[in-house]
Amino acid sequence: MRIVGITGGIASGKSLVAALLRDTWGVPVLDADLVARRVTAPGSPVLDAVSAAFGPGVIAPDGTLDREALGTLVSGDPEARRRLEALTHPAIWAAVDAWLGERAAEGHPLAAVEAALVVETGQAARFDVLVAVVASPEVQVRRLVARRGLDEGRARAWLASQAPAAEKARAADVVLENDGEEADLAAALAAAWPRISGVEPPRT
C-alpha cells in the first residue's frame, strides 16, 4: 500500500486536499489531529502525563485537554514543545500505524495521513510520497482572520510559531500552492495525481 502524507501550515489548505483525496479520489484519509484528541482523552495515560508535565491549568473544567491553554504554554518555547511532543507523539504515531495496517489489510492501494508537523518532527520518511500544501503568509493571515475570528496580530504570531512553508516544500515530493480558489487547488491536485498515486495516466 502506498502511504501519502499531507502536510502544511495552518490555513494553508491541507484539510481541503485531504477532503478532495477522500471524496473525489476515494482515498481513505486519517486526520492526525483527531488521533491526538483521542490519545489525550480524559482518563488516558497521555493526558495524565501532559497534566503532570505542564500543570493542572492545561485541563479544562470538563476534564478534557485545554488545547488553547497548552498551546499558549508551548508557543515560542521550543523546549516545552519538544517535551510535549515526547509525551504525545509516540502514542499518536502508534495509532496512525495501526490505522494504516488496517487499511492495508482491507486491500486499499493508497491511504493518506493529514498531519501538520511531519517535517518539523522528522517524520517525512514515514511516507512514500509527501504532499505539502503551501500558501503565502498574507493569504494565511487573511484566512485566519476571516475563518477563525482571530485578530491580525494573533494570526501572525500563530504563523510565526510554525515552520516556514518553504521548509515544508523542500522536504515534500509534491507541492501544491494554494493562494487562489478551491477550484484552483482541486485542479492542481488532479494534475499531481499521477505523482501522488504512482499511477501514470494512460497514453493517448
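Among the residues examined, ASP31 qualifies as in contact with a strand residue (DSSP E or B) (Cβ under 6 Å, 6 or more places away or on another chain) and either assigned by TED's automatic domain parsing to the domain that holds ARG82 or of a type in the set (D, E, K, R) (or both).
Taking the criterion of being hydroxyl-bearing (Ser, Thr, Tyr) and under 19 Å from ALA132 (Cα atoms), the residues of the range 1-58 that qualify are THR7, SER12, SER15, THR24. Contact map, the range 8-24: first residue touching a residue at least 60 places away in the same chain (Cβ under 8 Å), second residue hydroxyl-bearing (Ser, Thr, Tyr) and not in a helix (DSSP H, G or I), Cβ cut-off under 8 Å, separation 6 or more or different chains; pairs are LYS14/THR7. With respect to being in contact with a Lys or Arg (Cβ under 9 Å, 6 or more places away or on another chain) and part of a loop (DSSP other than H, G, I, E, B), VAL119 fits the description. So for the range 178-200 (the condition being without any contact (Cβ under 8 Å) to a residue 40 or more places away in the chain, touching a helix residue (DSSP H, G or I) at 6+ places or on another chain (Cβ under 6 Å) and surrounded by fewer than 19 Cβ atoms within 10 Å (Cβ to Cβ)), does at least one residue qualify? Yes, there is a match, as at least one residue in the range 178-200 is without any contact (Cβ under 8 Å) to a residue 40 or more places away in the chain, touching a helix residue (DSSP H, G or I) at 6+ places or on another chain (Cβ under 6 Å) and surrounded by fewer than 19 Cβ atoms within 10 Å (Cβ to Cβ). Note on the range 13-28: among residues that are touching a strand residue (DSSP E or B) at 6+ places or on another chain (Cβ under 7 Å) and of a type outside the set (Gly, Ala, Ser), the one that is nearest to GLU114 (Cα to Cα) is LYS14. Of all residues in the range 136-171, those satisfying the criterion of being assigned to a loop (DSSP other than H, G, I, E, B) and within 21 Å of ARG81 (Cβ to Cβ) are LEU150, SER161, GLN162, ALA163, PRO164.
Of all residues in the range 173-193, none satisfies being within 19 Å of the chain's Cα centre (by Cα) and among the aromatic types (Phe, Trp, Tyr). Evaluation of TRP93 against the conditions (1) within 20 Å of PRO42 (Cα to Cα); (2) aromatic (Phe, Trp, Tyr); (3) touching a residue at least 60 places away in the same chain (Cβ under 8 Å) shows that the sole unmet condition is (3).
The values are calculated or read from the model by the stated rules, or taken from the named source; none is laboratory data. For clarity, every value in this text was computed on a predicted model and none was experimentally measured. Neighbour counts are summed over all protein chains in view; Cβ atoms, including those assigned to glycine, are modelled from backbone coordinates with ideal geometry.
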